[in-house]
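Asks: So that we are looking at the same thing, I have put the structure below in structure tokens.
The values are calculated or read from the model by the stated rules, or taken from the named source; none is laboratory data. Remember, it's a predicted structure, so these values are computed and weren't measured experimentally. Cβ: placed from backbone, ideal geometry, glycine included. Neighbour counts: every protein chain shown. The protein model used for the area step is the full one, side chains on, heavy atoms only, and it has no ligands, DNA or RNA in it. Shrake-Rupley method; radii C 1.70, N 1.55, O 1.52, S 1.80 Å.
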Amino acid sequence: MQGKVLALVFKHRFSSFEKDCRNAVSLQDSLWRELISLASKTHIGQRHNFEKLKNINEFKTALPIQTYESLEESILQMKNGAKNILWPGEIKMFAKSSGTSNSKSKYIPLSKSSLYENHYKGGKDILSIFCQNFPNSKVFEGKNVSIAGSFDEQSDRRAIGDLSSLLLANLPPWLEFIRLPKKETALMPNWESKIDQISAELINKQVASISGVPSWNLILLRQVQAKSGVKHLKELWPNFRLYIHGGVNFEPYKKSFEEIIGPGEFTFLETYNASEGFFAIQDKFGQEEDGMALLCNHGIFYEFLPLADLTKQNPNTLQLNEVELGKSYALIISTKSGLWRYMIGDTVRFTSLEPYRIKLTGRVRYFINVFGEELIEDNANKALAQVCDEFNCVVNEYTVGPIFPDSFGKGGHQWLIEFEKPPVKLEEFQLALDRELIKVNSDYEAKRSGDLGLQVPVVTILPKGTCYLWLKSKGKMGGQHKVPRLQNHREVIKEILLFKAKN
């Protein structure tokens, strides 16, 4: 009975989500005015005369685009207890984030306003979208499973840790009735012990949905499968209907999930949620799928920077009513946690303007342009997915780096791929990968012309578990940690190959 009531509540909520999508431009304008007004008495507001700003163009002129480095001093002051720096009052929560190949930690401020108006509101929207599209689903007749990170520091005064640990620690009471595992298990600091304990807890429970980063959830589900002895998880959990994923491209993982889950009705729902904020949710499914709906009434003001202007000294950003379909933009945000005109490092492109829908295309720093090929993560994901489908392969993880020119002047790309199911003929796989990259990227095609600029990609197969163990060796277990996809250098390639040789 409780499940049916919740399903009706969330289905009814969908009308509010649709209304927000229809009024995105006006909502964004109102939100900008609210943000400026609320922060006018803060240190940053007074320094940049927020009270005198009449429009968004004046805002852009007054305040340059920010990076973590440009805001770090202010963020560390907030972390040490200073008030009214980037946002009114005192910020008591910080999501700890770091790049996989960079040991430096970032502390992303998280206010209570952002917690409830952005992250939790977005979570409710996920359920409303699902209930609207799948009204007969039994998603509330079982538990939702999420693997949280852990705290680095927690006290009455300050909480610092993975975003998922902060969200879990502050969950609304009603959510505790529908989630697993036990909070103390979910927040265990040792990742391997946590996965082992969670998998043991889940065997005797009814699970209806799971959410989180695909790579770590795949490890958990394989442990559940091994401990329970079932061939498919639907034998263990007959109401298992939904997996909510985000953070990385899902295509390399999809076949593995389908094989473990088993045949029958199941939904994979994509979200775009990061330490800096919750930005978008997939709202169409099946053949209708076309990106994720941008969350425009969730406490985040957006700007979009054309990639061609990325290196300009004073680049001009665009608002929603100025963006174009099919073009890639760097995402710039202003939030109710004090991130002002903050470049989060992700690139997106619009797939629809009515309503606004986006696809995550990669990272500003995750691309290869050593030879003028301008290969972005979206190109690599599409090509690899197509070739894996053709060769009946399943990929666990991959990373790509340049091969710098040899004595004959030829360079190329080296792909380190960890397969769950490898290709039988590697040379044919490499040629097919090259063919698909040419299809999706005209710059790559030009550089491959006549075999003069770029050689055929070199694929190196990694043993199963290599990427997991490499991340473990760097202390990058769980949460938002993942293998970087593309880079203009060979540091990650060299690290992983050296790790492979030693182990």
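Asks: Only one of 50, 14, 10 is open to solvent by less than 30 Å² (accessible area, probe 1.4 Å), of a type outside the set (D, E, K, R), out of contact with any strand residue (DSSP E or B) (no Cβ under 6 Å at 6 or more places or on another chain) and without any contact (Cβ under 8 Å) to a residue 24 or more places away in the chain; which?
Replies: 50
Asks: Also, quick follow-up: Counting only residues that are closer than 30 Å to residue 194 by Cα, touching a strand residue (DSSP E or B) at 6+ places or on another chain (Cβ under 6 Å) and modelled with pLDDT of 85 or more, give me the helices (runs of 4 or more DSSP H) lying completely in the range 387-503 with at least 2 of them.
Replies: Output list reads 466-473, 491-502.
Asks: Let me ask something else about it. For residues in the range 303-319 being outside any loop (DSSP other than H, G, I, E, B) and closer than 15 Å to residue 60 by Cβ, which is modelled with the lowest pLDDT?
Replies: 309
Asks: I'm checking my understanding of the structure. Among residues of the range 34-47 that are in a helix (DSSP H, G or I) and either on the phi > 0 side of the Ramachandran plot or surrounded by 14 or more Cβ atoms within 10 Å (Cβ to Cβ) (or both), which one is nearest to the chain's Cα centre (by Cα)?
Replies: Taking the candidates together, the pick is 35.
Asks: Additional query: Of the conditions (1) crowded, with 19+ Cβ neighbours inside 10 Å; (2) in contact (Cβ under 8 Å) with a residue 24 or more places away in the chain; (3) in a helix (DSSP H, G or I), residue 91 satisfies every one except a single condition; which number is it?
Replies: (3)
Asks: Identify all residues within the range 179-215 that are within 21 Å of residue 269 (Cα to Cα) and either in a strand (DSSP E or B) or hydrophobic (A, V, I, L, M, F, W, C) (or both); write none if there are none.
Replies: Those that are within 21 Å of residue 269 (Cα to Cα) and either in a strand (DSSP E or B) or hydrophobic (A, V, I, L, M, F, W, C) (or both): 179, 180, 207, 208, 209, 210, 211, 212, 213.
Asks: Given the structure, is residue 420 more than 24 Å from the chain's Cα centre (by Cα) and open to solvent by 20 Å² or more (accessible area, probe 1.4 Å)?
Replies: no
Asks: Still on this model: Take the range 410-428 and flag every residue that is touching a residue at least 40 places away in the same chain (Cβ under 8 Å), more than 22 Å from residue 449 (Cβ to Cβ) and of a type in the set (A, V, I, L, M, F, W, C).
Replies: 416, 417, 419
Asks: Could I ask something else about it? Within the range 53-66, how many residues are over 28 Å from the mean Cα position of the chain (by Cα) and open to solvent by 40 Å² or more (accessible area, probe 1.4 Å)?
Replies: 5
Asks: Here is a list: 380, 385. Which entry is open to solvent by 10 Å² or more (accessible area, probe 1.4 Å), in contact (Cβ under 8 Å) with a residue 60 or more places away in the chain and under 22 Å from residue 348 (Cβ atoms)?
Replies: 385
Asks: While we're on this one: Taking residue 5, is it modelled with pLDDT under 95, among the β-branched types (Val, Ile, Thr) and in contact with a helix residue (DSSP H, G or I) (Cβ under 9 Å, 6 or more places away or on another chain)?
Replies: Spelling it out, it is not the case that residue 5 is modelled with pLDDT under 95, among the β-branched types (Val, Ile, Thr) and in contact with a helix residue (DSSP H, G or I) (Cβ under 9 Å, 6 or more places away or on another chain).
Asks: Only one residue in 448, 363 is under 30 Å from residue 297 (Cβ atoms) and either open to solvent by less than 10 Å² (accessible area, probe 1.4 Å) or not β-branched (Val, Ile, Thr) (or both). Which one?
Replies: Going through 448, 363 in turn, just one is under 30 Å from residue 297 (Cβ atoms) and either open to solvent by less than 10 Å² (accessible area, probe 1.4 Å) or not β-branched (Val, Ile, Thr) (or both): 363.
Asks: Follow-up. With 117, 69 as the choices, which residue is in contact (Cβ under 8 Å) with a residue 40 or more places away in the chain, farther than 19 Å from residue 156 by Cα and open to solvent by 30 Å² or more (accessible area, probe 1.4 Å)?
Replies: 117
Asks: Now for a separate question. Answer yes or no as to whether residue 74 is within 21 Å of the chain's Cα centre (by Cα) and either modelled with pLDDT of 95 or more or within 29 Å of residue 182 (Cα to Cα) (or both).
Replies: Criteria not met by residue 74.
Asks: Within the range 242-264, how many residues turn out to be in a loop (DSSP other than H, G, I, E, B) and without any contact (Cβ under 8 Å) to a residue 40 or more places away in the chain?
Replies: Residues in the range 242-264 being in a loop (DSSP other than H, G, I, E, B) and without any contact (Cβ under 8 Å) to a residue 40 or more places away in the chain: 4 in total.
Asks: Being in contact with a strand residue (DSSP E or B) (Cβ under 7 Å, 6 or more places away or on another chain), surrounded by fewer than 21 Cβ atoms within 10 Å (Cβ to Cβ) and within 24 Å of residue 123 (Cα to Cα) is true for just one of 266, 285, 279. Which residue is that?
Replies: That would be 285, the only listed residue that is in contact with a strand residue (DSSP E or B) (Cβ under 7 Å, 6 or more places away or on another chain), surrounded by fewer than 21 Cβ atoms within 10 Å (Cβ to Cβ) and within 24 Å of residue 123 (Cα to Cα).
Asks: Just a yes or no: is a residue in the range 297-320 open to solvent by 30 Å² or more (accessible area, probe 1.4 Å), over 22 Å from residue 164 (Cα atoms) and aromatic (Phe, Trp, Tyr)?
Replies: no
Asks: Filter the range 191-227 down to the residues that are buried (at least 18 other Cβ atoms within 10 Å of the Cβ), under 15 Å from residue 143 (Cβ atoms) and touching an Asp or Glu at 6+ places or on another chain (Cβ under 8 Å) and list them by number.
Replies: 208
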